[in-house]
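Peer 1: Dumping the structure here so I can ask a few things about it.
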Amino acid sequence: MRIFLVVILLQSFVFRINAQYLIKGRVLDRTQNGVPYSTIQLTLTDSTFVKGEVADSLGNFLLKDIQKGNYLLRISAMGYKTQIESVNINSDKVLPPCILKESEVVLNDVVITGTSFIQKKDHLLVIPDKQSQKHAFGGYDLLYNLMIPGVTVDRKAKKVQSMAGEAKLYINGVEADMREIQNLRPKDVERVEYYVLPTNGPFSGDAAAINYVLKTYSSGGYVNLDGTQTIGYTKGDYDMAAKLSHNQTSYTLFAGSSVQRHDGLEDERNEYIAFPVDPVTRTMTHEDACYRENQQYAQFKVSHDNAKHNIYAQASYVRDDTPQNDRSESMLYPADASLSSLSQETNVDLGQKADLRLHGLFNVSDKHRIKTYLFGSYSRNHHTRGYREGDFLSHTRVSESLYSFEPYIAYTFEPDKYNSFYGRIFYTHNISSSNYSGDYDSWQHLWSGETFFWFDYTHMFGDKWTLMFGPGASFLNYKLHGEKAHRRFNFQMNTWVRYVINPRHWAGVGVMAYNSSPDIHYLNSVDQTVDAYRILRGNPDLENMSSYQWYAMYEGNIGKFNLQGKAFYTKHVHAIYTDYHIEGDKLVGTYASDGSFNQVTAEIAASYRLSDHFRTSLTIGYDDRYVPGIDRLNRHNFRVAWDANYFIKSFAINAYAKTKEKRLDETTRAFVTDPASYGFSVRYSGKNWMAEVGTENPFSRQLRYREYADYDVYRYDQVRTSRIYQQTVYVKLAYTFDFGKKTSRDSNDVDRGINSAILKVR
């Protein structure tokens, strides 16, 4: 810490002895009106990026802390020709108004040479370049092409991770998920804002946030069709989106279908059950399997957007049908060969969900903002399982109705540029009613509700220091019919300090306290048969898990390198984990919350732009996961991930690789080894259509996932392979038809997951 402080003091001294100046100016159009949100880039004469800024709503801009020298000032805006001016800085400079000329092609093909990473006071501003937009069909692809350091985009799993945790995604300040983002038209994206430590507004309270800011169009529409088909096993996703806009109102319809069929997972599992009298040792080897899943989903949305508010209503429907999930295994009992047999298991699942969401974002004034939404859903779920091993038979059937309700309200007050206040209150409510029949007849009625209170205060001490203090609390109530009611109060907090070393570098430290409620299917008290020796049971007495995290972060720019690093220590108290014990001639697997789980992580990420055609990123990380007090439950892991994109004319070539990962699973307390993975793809982008061919692990036939656990009374060692993990080829096609005047692609928020409180054997 002393060394860190000395470095800061020395750097501050150096900046004091080197005179720094400012540049003020204004961007106008030919009618002498300000061009709002113009992009200002200051570079050295060799085009090395120095500083960037975005003009305000009147076209005014200000660049601070500029050292003496000769520079190039690049000014660009959507729909205008980029203008470059030479400037000599030896004192504070007020430039004459810069008058931009309209581009011959308005809003369609504005060229920004090079992706711009502009460090703002509370976020990283990223301006997409033409290559990133051209070789992306959706916002998901665009985010990947930008290669923001510290942001990991899994295009297959549709997840976005930051060093601070999972990043929440927004479109024009309205929360979205990855399925929404994938329908954005890249050329509609004016800029991307990456909030590593969100300070205020709609992003306050998030671990990290990514906001897509779109161009505004008045009227028109589009129809978009896209499909992805995997070759090697059957897996396909096919979507359609349509939008019609007029003035400030738009109507959006989104629908799709996905199918999956494969021969299941291939397992070899060795087990030991420490029964006091007759311990059981057995080996289970995969013989045959088949898995089929069909999913359909649709959404209709009406929205109204202007300078004062953004309001919308949307209705969604999802149907998820798994008519076949069968497997058979040979069961070998070395101690008693007469018990050896063939086991057969069948699972059938059907879920349907309808939901309604009302959302409003109101700009009461320049200083006051209110955000509110109301969400409600109803799910109907069915589950059937059959199991046979020799003379042993088991059958379970479950029907469930699940109701969910969530109101939310947040208020933001920004009295000046140095202070901001943010408060929110929301409540989540779930009611599940399930009927179990078969081996065990039971009616499970679960009621749960949790209220959250949160307050954030952010203060800037000049241009260098920023403090955010965010206390909060949650109050959880849940009750299972026939059991006592449970009430849990939890303190929460998110507090950090950030120091801007210079315009290219900042560092920060912080602490977080938060809680996690148990998954609702853990809370059922019902028993479920696994096989002749094992039973699965829920636990209605689980505690809320409390988590505490201390972290340090860094973000900077060195030449063509953009860097981000983070180190953190996390302690989970009342961590929920799988536990086993013996009851007579049965091994009971259940859940407990009387332990802890700790994690130490250090990670650094760098992105490098060699040219407009080639860019790459590298992430190096170290993890240490362990259970305090149990020496054997400790796992270290060193990992590396690499991505590269090369653009040539209408083609984009991508390659990636990721090393093997070893981890201690937080819930199962099992040692898991994930194999290394790699792949590449080639994409062709036309005017309104796109075609892509890709492969994953093309030269690996036997990628093995290993899982090992020792619970004293129960041990297992499992090796798993599957066609879905290896030698996969996919083909993707997409087409968009625009009509009328241009309109931006809308977000399509179809949550294809169906929540359930059913306790299932997995």
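The values are calculated or read from the model by the stated rules, or taken from the named source; none is laboratory data. Here the structure is a predicted model, which means the values were calculated and not measured. Positions of Cβ are backbone-derived with ideal geometry, glycine not excepted, and every protein chain shown enters the neighbour counts.
Peer 1: Considering region 675-714 alone, what residues qualify as being of a type in the set (D, E, K, R) and either modelled with pLDDT under 90 or farther than 30 Å from T281 by Cβ (or both)?
Peer 2: Taking region 675-714 first, the residues of a type in the set (D, E, K, R) are 683, 687, 692, 696, 701, 704, 706-707, 710, 712.
Within region 675-714, R683, K687, E692, E696, R701, R704 meet the criteria.
Peer 1: Is it the case, given these coordinates, that S437 is under 30 Å from Y378 (Cβ atoms) and out of contact with any helix residue (DSSP H, G or I) (no Cβ under 8 Å at 6 or more places or on another chain)?
Peer 2: Numbers: under 30 Å from Y378 (Cβ atoms): yes; out of contact with any helix residue (DSSP H, G or I) (no Cβ under 8 Å at 6 or more places or on another chain): yes.
For S437, the condition - under 30 Å from Y378 (Cβ atoms) and out of contact with any helix residue (DSSP H, G or I) (no Cβ under 8 Å at 6 or more places or on another chain) - is met.
Peer 1: Quick check on my filter: what residues within region 275-304 are within 30 Å of A335 (Cα to Cα), without any contact (Cβ under 8 Å) to a residue 40 or more places away in the chain and surrounded by 14 or more Cβ atoms within 10 Å (Cβ to Cβ)?
Peer 2: A289
Peer 1: When the residues of region 645-678 are filtered to those that are of a type in the set (G, A, S) and either within 21 Å of the chain's Cα centre (by Cα) or on the phi > 0 side of the Ramachandran plot (or both), which remaining residue is surrounded by the fewest Cβ atoms within 10 Å (Cβ to Cβ)?
Peer 2: From region 645-678, those of a type in the set (G, A, S) are 650, 652, 655, 657, 670, 676-677; that's our starting set.
Now drop any that are not either within 21 Å of the chain's Cα centre (by Cα) or on the phi > 0 side of the Ramachandran plot (or both), which leaves 657, 677.
Numbers: A657: 14, S677: 18.
Within region 645-678, the match that is surrounded by the fewest Cβ atoms within 10 Å (Cβ to Cβ) is A657.
Peer 1: Output yes when any residue across region 372-379 is touching a helix residue (DSSP H, G or I) at 6+ places or on another chain (Cβ under 7 Å) and farther than 13 Å from D531 by Cβ, and no when none is.
Peer 2: No, region 372-379 contains no residue that is touching a helix residue (DSSP H, G or I) at 6+ places or on another chain (Cβ under 7 Å) and farther than 13 Å from D531 by Cβ.
Peer 1: Quick test of your reading of the structure: G205 fulfils all but one of (1) closer than 25 Å to P128 by Cα; (2) under 22 Å from the mean Cα position of the chain (by Cα); (3) at pLDDT below 85. Name the failing condition by number.
Peer 2: (1) is the only condition that G205 fails.
Peer 1: So which residues in region 222-236 are part of a strand (DSSP E or B), out of contact with any Asp or Glu (no Cβ under 9 Å at 6 or more places or on another chain) and small (G, A, S), if there are any at all?
Peer 2: Scanning region 222-236 gives a single hit, G236.
Peer 1: Here's another thing I want to ask about it. Which residue is farthest from S681 (Cα to Cα), if the candidates are limited to region 598-630 and must be in a strand (DSSP E or B) and either free of Cβ contacts under 8 Å to residues at least 12 places away in the same chain or aliphatic (A, V, I, L, M) (or both)?
Peer 2: Filtering region 598-630 for residues in a strand (DSSP E or B) gives 598-609, 614-626.
From what is left, the residues that are either free of Cβ contacts under 8 Å to residues at least 12 places away in the same chain or aliphatic (A, V, I, L, M) (or both) are 600, 602, 604-606, 618, 620.
On the way: V600: 34, A602: 30, I604: 26, A605: 23, A606: 22, L618: 18, I620: 23 Å.
If we take residues in region 598-630 being in a strand (DSSP E or B) and either free of Cβ contacts under 8 Å to residues at least 12 places away in the same chain or aliphatic (A, V, I, L, M) (or both), then V600 is farthest from S681 (Cα to Cα).
Here is a yes/no grid of residues against (1) buried (at least 16 other Cβ atoms within 10 Å of the Cβ); (2) of a type in the set (A, V, I, L, M, F, W, C); (3) under 30 Å from S420 (Cα atoms):
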position: N306; (1), (2), (3): no, no, yes
position: A313; (1), (2), (3): no, yes, yes
position: R319; (1), (2), (3): yes, no, no
position: L332; (1), (2), (3): no, yes, no
position: S338; (1), (2), (3): no, no, no
position: D349; (1), (2), (3): yes, no, no
position: H368; (1), (2), (3): no, no, yes
position: K371; (1), (2), (3): yes, no, yes
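Peer 1: Further question on the same structure: Looking at region 299-313, is at least one residue closer than 30 Å to Y233 by Cβ, of a type outside the set (D, E, K, R) and in a strand (DSSP E or B)?
Peer 2: Filtering region 299-313 for residues closer than 30 Å to Y233 by Cβ gives 299.
Filter again for of a type outside the set (D, E, K, R), leaving 299.
Add one more test, that the residue is in a strand (DSSP E or B), and what stays is 299.
For region 299-313, residues closer than 30 Å to Y233 by Cβ, of a type outside the set (D, E, K, R) and in a strand (DSSP E or B): present.
Peer 1: Has region 283-292 got any residue that is of a type in the set (A, V, I, L, M), in a strand (DSSP E or B) and under 27 Å from the mean Cα position of the chain (by Cα)?
Peer 2: For region 283-292, residues of a type in the set (A, V, I, L, M), in a strand (DSSP E or B) and under 27 Å from the mean Cα position of the chain (by Cα): absent.
Peer 1: Can you tell me which residue in region 453-486 is farthest from S420 (Cα to Cα), limited to those that are among the small types (G, A, S) and loosely packed, with under 15 Cβ neighbours inside 10 Å? Can you show your working first?
Peer 2: So in region 453-486, the residues among the small types (G, A, S) come out as 462, 470, 472-474, 482, 485.
Imposing the further condition that a residue be loosely packed, with under 15 Cβ neighbours inside 10 Å reduces the set to 462, 482, 485.
Working: G462: 14, G482: 47, A485: 39 Å.
Result: G482.
Peer 1: Tell me yes or no: at least one residue of region 18-25 is farther than 18 Å from P96 by Cβ, out of contact with any Phe, Trp or Tyr (no Cβ under 6 Å at 6 or more places or on another chain), at pLDDT below 70 and not in a loop (DSSP other than H, G, I, E, B).
Peer 2: No; the residues of region 18-25 include none that is farther than 18 Å from P96 by Cβ, out of contact with any Phe, Trp or Tyr (no Cβ under 6 Å at 6 or more places or on another chain), at pLDDT below 70 and not in a loop (DSSP other than H, G, I, E, B).
Peer 1: Might you check whether a residue that is in contact (Cβ under 8 Å) with a residue 60 or more places away in the chain and out of contact with any strand residue (DSSP E or B) (no Cβ under 7 Å at 6 or more places or on another chain) occurs anywhere in region 511-526?
Peer 2: Yes: one or more hits.
Peer 1: Taking region 237-267 on its own, how many of its residues are surrounded by fewer than 16 Cβ atoms within 10 Å (Cβ to Cβ), in a strand (DSSP E or B) and not β-branched (V, I, T)?
Peer 2: 5
Peer 1: Within region 735-754, can you find the residues that are at pLDDT below 85 and part of a strand (DSSP E or B)? Lay out the reasoning, then the answer.
Peer 2: Narrowing region 735-754 to residues at pLDDT below 85: 736-754.
Correct list: T736, F737, D738, F739.
Peer 1: Same structure again: Could you say which residue among I558, I582, I576 is in contact (Cβ under 8 Å) with a residue 24 or more places away in the chain and surrounded by 16 or more Cβ atoms within 10 Å (Cβ to Cβ)? Outline the logic, then answer.
Peer 2: Details: I558 fails: surrounded by 16 or more Cβ atoms within 10 Å (Cβ to Cβ); I582 fails: surrounded by 16 or more Cβ atoms within 10 Å (Cβ to Cβ).
So the residue among I558, I582, I576 that is in contact (Cβ under 8 Å) with a residue 24 or more places away in the chain and surrounded by 16 or more Cβ atoms within 10 Å (Cβ to Cβ) is I576.
Peer 1: Please tell me if R609 is more than 22 Å from the chain's Cα centre (by Cα) and modelled with pLDDT of 95 or more. Spell out how you get there, then give the answer.
Peer 2: Values: more than 22 Å from the chain's Cα centre (by Cα): yes; modelled with pLDDT of 95 or more: no.
When the stated conditions are applied, R609 does not pass them.
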